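Peer 1: Let me begin by handing over the structure; questions about it come next.
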Amino acid sequence: MAKNNPVPWRKNEDLDNYAVATNVPVWIGGKKVIADRVVKTACPHNCYDTCGLLAYVKDEKVIKIEGDPDHPITRGHLCLKGYANVQKINSPDRVK
């Protein structure tokens, strides 16, 4: 691991924009979609555990969010607020 890259999933020269994987198949509404990349992030709500999230991105838009199985507390589980982040992020009423 490089000295300037202490967190292994941060920036990887083989991947772009802090992605942990690229061209990942994901099922949304019964349809298979190929996400351009998967990005590790954290839930923005003020809960005690700050759940780890995996955000699936296609055409610079978050299309699906799942819990991060590597998170030490939640281990891939999310509450409904966590799953609802997709609607919040993509809302037409969101302040830009």
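Peer 1: Restricting to segment 50-86, what's the tally of residues that are more than 17 Å from Val24 (Cα to Cα) and either in contact with a Ser or Thr (Cβ under 6 Å, 6 or more places away or on another chain) or not acidic (Asp, Glu) (or both)?
Peer 2: 19
Peer 1: Okay, moving on. So which residues in segment 67-92 are of a type in the set (Asp, Glu) and closer than 21 Å to Asn46 by Cβ?
Peer 2: Scanning segment 67-92 gives a single hit, Asp68.
Peer 1: Tell me which strands (runs of 3 or more DSSP E) are completely within segment 1-85 and hold 3 or more residues being surrounded by fewer than 15 Cβ atoms within 10 Å (Cβ to Cβ), at pLDDT 80 or above and not small (Gly, Ala, Ser), or say none if there are none.
Peer 2: By residue number, 31-42.
The values are calculated or read from the model by the stated rules, or taken from the named source; none is laboratory data. Computed from a predicted structure; not experimentally measured. When we count neighbours, we look across all protein chains shown, and the Cβ atoms used for this are built from the backbone with ideal geometry, even at glycine.
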